[in-house]
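Participant: The structure is given below, and queries will be raised subsequently.
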Amino acid sequence: MTKKPLTLINKKNIRVDGRKLDELRPIKIELNIIGNANGSAYIEQGKNKILAAVYGPKEVHPRHLALPDRALLRCQYHMSPFSVKERKRPAPSRRETEISKVIRECLSPSIFGEYYPRTSIDIYIEVLEADGGTRCSGIIAASLALADAGIPLRDLVAACAAGKVEEHLVLDLNGPEDNKGTDMPIALMPTFNAVTLLQMNGILTTDEFEQALNLAVKGCEQVYTLQKEALKARYINVKEEVEEE
Ligand code: UDP
């Protein structure tokens, strides 16, 4: 007997994890969880579990890297060895180097770096568990960690992927969908309607690209609402702590 090939989307357009085509994975965000960092955030998005921590603005080491007119922004995205089914080598891979670079570049326009010349702002993103779309979840957490560190921002940066799986356009691809389909992660500063990251892994027609972009922007807007709620919750906690004292 021949086996039927496994499909990721059923006839009713429901995905393997029970989502509709245009539905985000459940997102949980918490701020201020790393006591030793200036700002931090933790995100769970579906099976993704990611921590972001921000140090700075602080003195630059090595000092010759200091910039005379703005803060030096550095970013390190790292996947822990236990974050995926097959143990990942702990040393930074080419993929992690690339993701660190694009995340730094997508967060940079949101920061008033000119307020802090000759300093550095270091962002660390640690993936504890990965199931597709970790760069987007990492961006969501890192932008909130920057806000939590009290760094003045033009806007929060939201991120979300859209793509194509088995001929369907879908939002927020999970691991199996990412492996099988076309993935297009974007980052957005919603107040300015400014896209600060756009990558694509796979092939889309021009029409599909436009539709996927619109879908991803809608996803970012939903993410943005959740980010603002998480930030508000953090300051309600601070207010309560101050009142208790
Ligand atoms: N992945 C993995 N091992 C690796 C790198 C990635 O299993 O060394 C998985 C992981 O679940 C990740 C997914 O592949 O989330 C997709 O990786 P991609 O490079 O597309 O980045 P992401 O979608 O996570 O931003």
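Participant: With θ set to phi - 60°, apply the Karplus curve 6.51 cos²θ - 1.76 cosθ + 1.60 along the range 49-61 and write out the HN-Hα couplings as whole Hz, x wherever there is a Gly or Pro.
Facilitator: 10, 9, 10, 10, 9, 10, 10, x, x, 9, 4, 7, 10
Participant: At 7 Å along Cα-to-Cβ for each site, give me the label-to-label distance between Asn179 and Glu129 in nm.
Facilitator: 1.7 nm
Participant: Kindly write out, for the range 122-138 in residue order, the coupling ³J(HN,Hα) from the Karplus curve 6.51 cos²θ - 1.76 cosθ + 1.60 (θ = phi - 60°), rounded to whole Hz, with x marking Gly and Pro.
Facilitator: 10, 10, 10, 10, 10, 8, 8, 8, 10, 8, x, x, 6, 5, 5, 4, x
Participant: Now for a separate question. Could you tell me the largest-minus-smallest coordinate of the C-alpha atoms of the chain on each of the three principal axes, in descending order and whole angstroms?
Facilitator: 66, 44, 37
Participant: Quote the relative contact order of the range 152-218 in percent (integer), defining contacts as alpha-carbon pairs under 8 Å separated by 6+ residues. Write out the running numbers ahead of the final one.
Facilitator: Working: 110 pairs, mean separation 22.9, N = 67.
Across the range 152-218, relative contact order equals 34 percent.
Participant: Over the range 118-163, what is the mean sequence separation of C-alpha contacts under 8 Å (at least six apart), divided by residue count, expressed as relative contact order in percent? Walk me through the intermediate numbers first.
Facilitator: On the way: 26 pairs, mean separation 17.7, N = 46.
Computed value for the range 118-163: 38 percent relative contact order.
Participant: Stretched out fully, how many nm does the piece from Lys85 to Val16 gain, at 0.36 nm a residue minus the Cα gap?
Facilitator: Fully extending the segment from Lys85 to Val16 adds 23.0 nm.
Participant: For the range 197-245, what class follows from the C-alpha gyration tensor (a ≥ b ≥ c being the square roots of its eigenvalues): rounded when a/c is under 1.5, otherwise prolate if a/b is larger than b/c, else oblate?
Facilitator: Numbers: a/c = 8.45, a/b = 4.32, b/c = 1.95.
Prolate, since a/c reaches 1.5 and a/b exceeds b/c.
Participant: Return one number: the angle in degrees, 0 to 90 and rounded to the nearest 10, between the long axis of the Cα atoms of helix 94-107 and the longest principal axis of the Cα atoms of the chain.
Facilitator: With rounding to tens, the tilt is 60 degrees.
Participant: Would you grab the residues whose amide H sits under 5 Å from the one on Tyr116? Only those 5+ places off in sequence or on another chain, please, with H modelled 1.01 Å from N.
Facilitator: Close amide H contacts, sequence-distant or interchain: Ala71.
Participant: What's the extension gain from Asn193 to Leu67 if we count 0.36 nm per residue and subtract their Cα-Cα distance?
Facilitator: Values: separation 126, 0.36 × 126 = 45.36 nm, distance 2.87 nm.
Separation in residues times 0.36 nm, less the Cα-Cα distance, equals 42.5 nm.
Participant: By what distance, in whole Å, do the Cα atoms of the range 139-199 stretch along each of the three principal axes, largest value first?
Facilitator: 43, 21, 14
Participant: Separate question: Checking the cross-link filter: which aspartates and glutamates have an alpha carbon closer than 13 Å to that of Lys49, excluding same-chain neighbours under 8 positions apart?
Facilitator: Once the sequence-local aspartates and glutamates are set aside, what remains near Lys49 is Glu30, Glu126, Glu129, Asp131.
Participant: Any idea what the relative contact order of the chain is, in percent, if you count C-alpha pairs under 8 Å spaced at least 6 apart?
Facilitator: On the way: 531 pairs, mean separation 50.6, N = 245.
Relative CO of the chain lands at 21 percent.
Participant: Quickly estimate the mean residue ellipticity at 222 nm for the chain, helices only: each DSSP H run with n ≥ 4 gives -39500 (n - 2.57), and the total goes over all residues, rounded to 500. Walk me through the intermediate numbers first.
Facilitator: On the way: 4 runs with 74 residues, N = 245.
Roughly -10500 deg cm²/dmol at 222 nm, from the helical runs in the chain.
Participant: In sequence order, what are the phi-derived ³J(HN,Hα) couplings for the range 222-231 according to the Karplus relation 6.51 cos²θ - 1.76 cosθ + 1.60 with θ = phi - 60°, rounded to whole Hz, with x for glycine and proline?
Facilitator: 5, 4, 4, 4, 5, 4, 5, 4, 5, 5
Participant: Any of Lys58/Lys239; Lys11/Lys88; Lys85/Lys164; Lys85/Lys232 with alpha carbons more than 32 Å apart? Name them for me.
Facilitator: Too far apart for the 32 Å limit: Lys11/Lys88; Lys85/Lys232.
Participant: So, in Å, what gap is there between the alpha-carbon centers of the range 122-158 and the range 31-69?
Facilitator: So the two Cα centres are separated by 9 Å.
Participant: Here is a further query. May I ask you to list the residues of the range 44-85 whose amide nitrogen lies under 16 Å from a point 7 Å from Cα along the Cα→beta-carbon direction of Arg118?
Facilitator: 57-72
Participant: Oh, and also: Can you give me the solvent accessible area of Thr205 with a 1.4 Å probe, rounded to the nearest 10 Å²?
Facilitator: 70 Å²
Participant: Moving to a separate point now. How big, in percent, is the set of alpha carbon pairs in the range 64-131 lying more than 21 Å apart? Please list the in-between numbers first.
Facilitator: Values: 803 of 2278 pairs.
Counting pairs separated by more than 21 Å, the tail of P(r) holds 35 percent.
Participant: Non-local amide H neighbours of Leu21 (under 5 Å, H modeled in plane, Pro and chain starts lacking H): which ones?
Facilitator: none
Participant: Gap in Å between the Cα centre of the range 93-109 and the Cα centre of the range 222-241?
Facilitator: 26 Å
Participant: Still on this structure, please answer the following. Whose amide H sits under 5 Å from the amide H of Asn48, counting only residues 5 or more places off or on another chain, with H placed in the peptide plane?
Facilitator: Those lying under 5 Å, H to H, from Asn48 are Asp131.
Participant: Still on this structure: Just the number please: accessible area per residue for the range 132-245, 1.4 Å probe, all protein chains included, in Å². Don't skip to the answer; put the middle values down first.
Facilitator: Details: 5160 Å² over 114 residues.
Value returned for the range 132-245: 45 Å² of accessible area per residue.
The values are calculated or read from the model by the stated rules, or taken from the named source; none is laboratory data. Given the structure is predicted, the values throughout are model-derived calculations rather than measurements. Ideal geometry is used to build each Cβ from the backbone, glycine not excepted, and the neighbour counts take in all protein chains shown. The accessibility values were calculated without ligands, DNA or RNA, using every heavy atom of the protein model including side chains. Shrake-Rupley method; radii C 1.70, N 1.55, O 1.52, S 1.80 Å.
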